[in-house]
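Below is one structure, written out as structure tokens; the observations come after it.
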Amino acid sequence: MKFIGITGGIGAGKSTVLSLLKENFNCKVLLADEVAATLMQAGNQCFEAVVSIPWPESIVGLDGQINRPLMAKLMFADDSLRQSVNAIVHPAVEKEVLNQVEIERKKHNIEYFFFEAALLIECGYGKLVDEMWYIYATEEVRAKRLMESRGYSMERIKNTIMSQRSDASFREHTDRIIDNSGDKEDTLSQLKAILSEE
């Protein structure tokens, strides 16, 4: 079983690629955001630690769970809060992902384990995965997708893309590039070509 990391900038279409992988290959797909969300639920290992960070207001909602949109808003406004949360959540996510990879390796049921996160490179997953894939799309395509799917303004798109790792830097730190600027068929044929070499 191969453990493959999937990364790329906003609007590159990582979720489209993950859907194609799920539908067409014998694999498991895991998303960092989903693992983090589970670990931060009440009763799970990161909940108490995250809640006890000195937030400017309570981030626990009426349902007893962390109010994630509020937490994201506060983190976006304060770098030290973001760093505190990341210091708790990133190591826990890594541990959980490696645990799941180990379980799947022992089962021998799947050929590929795909793990997606925007910050795979920053969090040092290059040392952990067998291969790192970069999902690429041109800036024009990304802007069009973000306007259509999230209603982003052109200014917000520019600022968001500028704040992320550059295309050159992604290419430097990854093993393979999937060009997801075209249609699904084009992307699928690239995935088939890569995985048939494995």
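Bear in mind these aren't lab numbers, they're just calculated from the coordinates by the rules spelled out. Here the structure is a predicted model, which is why all the values come from computation and not from measurement. Neighbour counts are summed over all protein chains in view; Cβ atoms, including those assigned to glycine, are modelled from backbone coordinates with ideal geometry.
Return, for the Cα atoms of segment 80-155, the radius of gyration and Dmax in Å, separated by a comma.
Using the Cα atoms of segment 80-155, the pair Rg, Dmax is 16.6, 48 Å.
At a threshold of 8 angstrom on Cα-Cα distance, excluding pairs fewer than six apart, so keeping six or more, what relative contact order does segment 68-198 reach in percent?
RCO, segment 68-198: 23 percent.
Could the peptides 131-137, 167-173, 24-30 be put in order, highest first, of the mean number of other beta-carbon atoms found within 10 Å of their residues?
By packing density, highest mean first, the sequence is 131-137, 24-30, 167-173.
Charges on Cβ only, +1 for Lys and Arg, -1 for Asp and Glu, centred on the Cα centroid of the chain; of P91, T16, Y152, which one is farthest towards the dipole's positive end?
In the chain, that residue is Y152.
Across 10 Å bins from 0, what is the distribution of all Cα-Cα pair distances for segment 1-106, in whole percents?
Here the calculated profile for segment 1-106 is 12, 38, 31, 17, 2.
How would you order 176-186, 110-120 from highest to lowest mean count of nearby Cβ atoms within 10 Å?
110-120, 176-186
With volume of the Cα convex hull per residue in Å³ in mind, check (1) 129; (2) 139; (3) 165 and report the label derived from this structure.
Here the calculated entry is (2).
In the Gaussian network model of the chain, springs joining C-alpha atoms below 10 Å, which of S166, S149, S19 carries the largest mean-square fluctuation?
In this elastic network of the chain, the residue with the biggest mean-square fluctuation among S166, S149, S19 is S149.
Under 10 Å, Cα contacts only: if you run a Gaussian network model on the chain, which one of L21, L62, L128 comes out with the highest mean-square fluctuation?
Fluctuation is largest for L62.
Say we join alpha carbon atoms closer than 10 Å with springs in a Gaussian network model of the chain; which of N99, N159, N86 then has the biggest fluctuation?
N159
Give the angle, between 0 and 90 degrees and rounded to the nearest 10, that separates the Cα long axis of helix 139-150 from the longest principal axis of the Cα atoms of the chain.
Here the helix axis deviates by roughly 50 degrees.
Nearest 10 degrees is fine. How inclined is helix 154-163 to the longest principal axis of the chain, computing both from alpha carbons?
So the inclination is approximately 90 degrees.
For segment 18-71, what does the relative contact order come out to in percent, with C-alpha contacts under 8 Å and a separation of six or more?
21 percent
Run down the lysines and flag those whose C-alpha is under 24 Å from the C-alpha of K28, throwing out any fewer than 8 positions away in its chain.
Once the sequence-local lysines are set aside, what remains near K28 is K2, K14, K95, K106, K107, K127, K184, K192.
Run the helix sum for the chain: -39,500 (n - 2.57) per DSSP H stretch of 4+ residues, divided by residue count, reported at 222 nm to the nearest 500 deg cm²/dmol.
One gets -16500 deg cm²/dmol as the mean residue ellipticity at 222 nm.
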